[in-house]
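Below is one structure, written out as structure tokens, with a few remarks after it.
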Amino acid sequence: MGLGSLASRVLRPSSRLLASRNPRILLHFRPIVSTTELHNADASPAQPQADPAPPPPRTPVGGARVHFSSPEDAIEVFVDGYPVKVPKGMTVLQACEIAGVDIPRFCYHSRLSIAGNCRMCLVEVEKSPKPVASCAMPALPGMKIKTDTPLAKKAREGVMEFLLMNHPLDCPICDQGGECDLQDQSMAFGSDRGRFTDVKRSVVDKNLGPLVKTVMTRCIQCTRCVRFATEVAGVQDLGMLGRGSGEEIGTYVEKLMTSELSGNVIDICPVGALTSKPFAFKARNWELKGTETIDVTDAVGSNIRIDSRGPEVMRIVPRLNEDINEEWISDKTRFCYDGLKRQRLNDPMIRGADGRFKAVSWRDALAIVAEAAHQVKPEEIVGIAGKLSDAESMIALKDLLNRLGSNNVWCEGNGPQPNADLRSGYMMNSGIAGLEKADVFLLIGTQPRVDAAMVNARIRKTVRATHAKVGYVGPSTEFNYDHEHLGTGPQALIDIAEGRHPFCSILKNAKNPAIIVGAGLFERKDKDAIFSVVENIAKLNNVVRPDWNGYNVLLLNASQAAALDLGLVPESVNSIESAKFLYLMGADDVDLEKVPKDAFVVYQGHHGDRGVYRANVILPAAAFSEKEGTYENTEGCAQQTLPAVPTVGDARDDWKIVRALSEVAGLQLPYDSLGAIRSRIRTVAPNLLQVDEREPATFSATIKPESTQKMDMADFGSTIENFYMTDAITRASKIMAQCSALLIKK
């Protein structure tokens, strides 16, 4: 007999003794234990062990915060032994995030419904016979959750092995490489080898349009894109087809994705199945420099990150802001970036006698403009700020024209006679996030889907969550939620104000009614009469109260709110018809047919757009991605852009050009730095310096006296004809041109 087996027989008790059912035999059996106390005769008797110290507090994943509406709503669960209080109804996965444990997941997304079909989030729960999917399991009082046990690890390894079974080895040529959830989770939670040796399946790619590139063989059927399209975008374009290994995502019939939010499926796809078509094979994410800034293509002010490489903007992606755009952006915001490098103005130019432009120095160009300004009467000088102008440049333009003796300065989109007396008369007083509290919406002369896609997404979210009613007055248009078309013009408003319309009872019974008026009505001659009727509707239906202000105006352009705050209001209605010196600061949508033939026109802007064709002098300016500027969105929140790339050619910031012109003209403005010009803004509109803070209006628009103006019964028109082409940048974009062609074809 070997020494090893002999030793094991001596040390191990007989299996016959252990198997015996007689308890006395087991009581007499006493194992021998050797401890340090027995070896050391002088050692003091062993002290009773104290309770183990509680685990240190952990930081919630992603800075997650929990709000308890009442103390009774809180339940306590234990995550890896750490006690954490969560509200009733939270899932196990959310409880783990609050406890600081990041659970892997593919199909779960906090803003989409729960699918529970990827099984990557398996955790062990005490008294449960098998691992549970934490994204679909509600947390229960006293539940003990274990996320790091051998069973949970083995389960995740198995799930990952199945996911990779049919996934191609495309990482070197995949645009998702470097920011891919599948890569990261395979490294963190997967096995170091696979056992699948059969042929991998392949899937035919789908054509979703010019924005989203598909490589459907990479798809892991998480259904995030299907749920996003159905729930957030409100289009039934994507779905799951087939069963088992033949299962695939696709369109039921061969069609393009028609939503104005379609680009967001690129962000939520956890693998490389849906990627950006314009960005394909352009750059890797680790080569890019990210700059956190804001979008200026509409009045929402969506928070974005501009990714650049050297002097070129490579892509635009959304940034999280719960109060404004959540984590979505519109396709126009995401894909207009190629317009920033096309049709740009590089050098100052003057029009010669032959009608052709020739490049000159800044000194010569400014001298010609200053001389022309001094040769006309002050009342014949007019300045117009464009849709993309920042607050700094608008206050500089206003100050310069005031020094020249003119007060005829205004902003595109605000109409010939804007009413800037009460901020509540041109603001979204409930706030964008506040729209979720409304239970009835009355939309007047606005089509939110094209006017402000992110505001429309909020309205749709509210309608889905609370079944809020939506009434619409305006031309026939497409909505992606249930609505009632009440009429096409002012007559419908009069009927509602006088209580004759069936929708009146819905408004009367609403707890938080919201009225949203489109800024396109600013251009109507009878706008005062229309707004007077709308204010009457607001008074009669308790729209404005101390605890709720549902009277909203939805602006169209990034510069409108700041222009009205700064007082850019013209003295004369027909100032443009009598102008002899016209200063266009990025203004391209002005009706230049009204400008007299002998007028001297200065165009200051970043693109060779419509205003250039009538200009006598061109002054090249910086685009929003190349300068620091302040913008105010439609709800009154001031935000700032930051420079992501250097300026093009010899271009300068708008306010610097105006400041230099004032010096050449002998009317030097009293500021020569960004800090100094913001000090000037503080004296006019201090709310513009409270960055990332929403300044509510002090007085309600309903205190205005009723207008005596006669109302024109003409129907309301569409404000934006083409969603993809609304300003100089989007009109210069090749990607937007492709989208526009498809929109027209549809």
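The values are calculated or read from the model by the stated rules, or taken from the named source; none is laboratory data. What you see is a predicted model; the values in this text were computed from it and never measured. Note: ideal-geometry Cβ built from the backbone for every residue, glycine included; neighbour counts use all protein chains shown. To get the accessible areas, we keep the full protein, side chains included, count just its heavy atoms, and leave off ligands, DNA and RNA. Shrake-Rupley method; radii C 1.70, N 1.55, O 1.52, S 1.80 Å.
Among (1) closer than 23 Å to P418 by Cα; (2) open to solvent by 20 Å² or more (accessible area, probe 1.4 Å); (3) within 31 Å of the chain's Cα centre (by Cα), where does K511 come up short?
(1)
Go through the range 387-495 and tell me which helices (runs of 4 or more DSSP H), entirely inside it, have 2 or more residues that are in the same structural domain as I681 (by the TED database) and open to solvent by 10 Å² or more (accessible area, probe 1.4 Å).
391-403
Is it true that L397 is hydrophobic (A, V, I, L, M, F, W, C) and either in contact with a helix residue (DSSP H, G or I) (Cβ under 8 Å, 6 or more places away or on another chain) or more than 17 Å from S575 (Cα to Cα) (or both)?
Numbers: hydrophobic (A, V, I, L, M, F, W, C): yes; either in contact with a helix residue (DSSP H, G or I) (Cβ under 8 Å, 6 or more places away or on another chain) or more than 17 Å from S575 (Cα to Cα) (or both): yes.
Judged against the criteria, L397 is a match.
For the range 280-312, give me the residue count where each residue is among the small types (G, A, S), touching a helix residue (DSSP H, G or I) at 6+ places or on another chain (Cβ under 7 Å) and not in a loop (DSSP other than H, G, I, E, B). Walk me through it before giving the result.
Restricting attention to the range 280-312, the residues satisfying the condition of being among the small types (G, A, S) are 280, 283, 290, 299, 301-302, 308, 310.
When the remaining residues are screened for being touching a helix residue (DSSP H, G or I) at 6+ places or on another chain (Cβ under 7 Å), the result is 299, 302.
Remaining after also requiring not in a loop (DSSP other than H, G, I, E, B): none.
Total satisfying the criteria: 0.
Being acidic (D, E), open to solvent by 60 Å² or more (accessible area, probe 1.4 Å) and within 24 Å of I98 (Cα to Cα): is that true of D184 here?
Numbers: acidic (D, E): yes; open to solvent by 60 Å² or more (accessible area, probe 1.4 Å): yes; within 24 Å of I98 (Cα to Cα): yes.
Answer is yes for this residue.
Whether any residue in the range 165-175 is over 30 Å from S330 (Cβ atoms), in the same structural domain as E254 (by the TED database), over 33 Å from the mean Cα position of the chain (by Cα) and in contact (Cβ under 8 Å) with a residue 60 or more places away in the chain is what I want to check.
Yes, because at least one residue in the range 165-175 is over 30 Å from S330 (Cβ atoms), in the same structural domain as E254 (by the TED database), over 33 Å from the mean Cα position of the chain (by Cα) and in contact (Cβ under 8 Å) with a residue 60 or more places away in the chain.
A quick yes/no check of all residues on (1) part of a loop (DSSP other than H, G, I, E, B); (2) touching a residue at least 40 places away in the same chain (Cβ under 8 Å); (3) more than 27 Å from C135 (Cα to Cα):
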position	(1), (2), (3)
M187	no, no, no
V199	yes, no, yes
N207	yes, yes, yes
K213	no, yes, yes
I220	yes, yes, no
V235	yes, yes, no
V253	yes, no, yes
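Could you grab me the full set of residues in the range 608-626 that are at pLDDT below 95 and in contact with an Asp or Glu (Cβ under 6 Å, 6 or more places away or on another chain)?
D609, R610, G611
Just checking, does the range 89-112 include any residue being in contact with a Leu (Cβ under 6 Å, 6 or more places away or on another chain) and modelled with pLDDT of 90 or more? Spell out the reasoning first.
So the first thing to find is which residues in the range 89-112 are in contact with a Leu (Cβ under 6 Å, 6 or more places away or on another chain), and the list is 103.
Cutting the leftovers down to modelled with pLDDT of 90 or more gives us 103.
Scanning the range 89-112 turns up at least one residue that is in contact with a Leu (Cβ under 6 Å, 6 or more places away or on another chain) and modelled with pLDDT of 90 or more.
Test A273 against the criterion of being among the aliphatic types (A, V, I, L, M), surrounded by 21 or more Cβ atoms within 10 Å (Cβ to Cβ) and in contact with a Leu (Cβ under 9 Å, 6 or more places away or on another chain), and give yes or no. Please lay out each step first, then the result.
On the way: among the aliphatic types (A, V, I, L, M): yes; surrounded by 21 or more Cβ atoms within 10 Å (Cβ to Cβ): yes; in contact with a Leu (Cβ under 9 Å, 6 or more places away or on another chain): no.
No.
Before we move on, is F531 part of a helix (DSSP H, G or I) and touching a Gly at 6+ places or on another chain (Cβ under 6 Å)?
Values: part of a helix (DSSP H, G or I): yes; touching a Gly at 6+ places or on another chain (Cβ under 6 Å): no.
Spelling it out, it is not the case that F531 is part of a helix (DSSP H, G or I) and touching a Gly at 6+ places or on another chain (Cβ under 6 Å).
So which residues in the range 656-702 are basic (K, R) and either farther than 30 Å from I304 by Cα or free of Cβ contacts under 8 Å to residues at least 40 places away in the same chain (or both)?
So in the range 656-702, the residues basic (K, R) come out as 656, 659, 678, 680, 682, 694.
The answer is K656, R682.
Of all residues in the range 96-124, which are open to solvent by less than 40 Å² (accessible area, probe 1.4 Å), within 30 Å of C219 (Cβ to Cβ) and of a type in the set (A, V, I, L, M, F, W, C)?
C96, V101, I103, F106, C107, L112, C118, M120, C121, L122, V123
Filter the range 636-647 for residues that are open to solvent by less than 40 Å² (accessible area, probe 1.4 Å) and part of a loop (DSSP other than H, G, I, E, B); which is farthest from V617 (Cα to Cα)?
Kept after step one, since they are open to solvent by less than 40 Å² (accessible area, probe 1.4 Å), are these residues of the range 636-647: 636-639, 641, 644-645.
Narrowing further to those that are part of a loop (DSSP other than H, G, I, E, B): 636, 644-645.
Working: G636: 35, A644: 28, V645: 26 Å.
Applying the filter and picking the extreme gives G636.
Does K580 qualify as being in the same structural domain as K358 (by the TED database), basic (K, R) and either at pLDDT 95 or above or out of contact with any strand residue (DSSP E or B) (no Cβ under 8 Å at 6 or more places or on another chain) (or both)? I'd like the intermediate steps shown before the answer.
Values: in the same structural domain as K358 (by the TED database): yes; basic (K, R): yes; either at pLDDT 95 or above or out of contact with any strand residue (DSSP E or B) (no Cβ under 8 Å at 6 or more places or on another chain) (or both): no.
So K580 fails the test.
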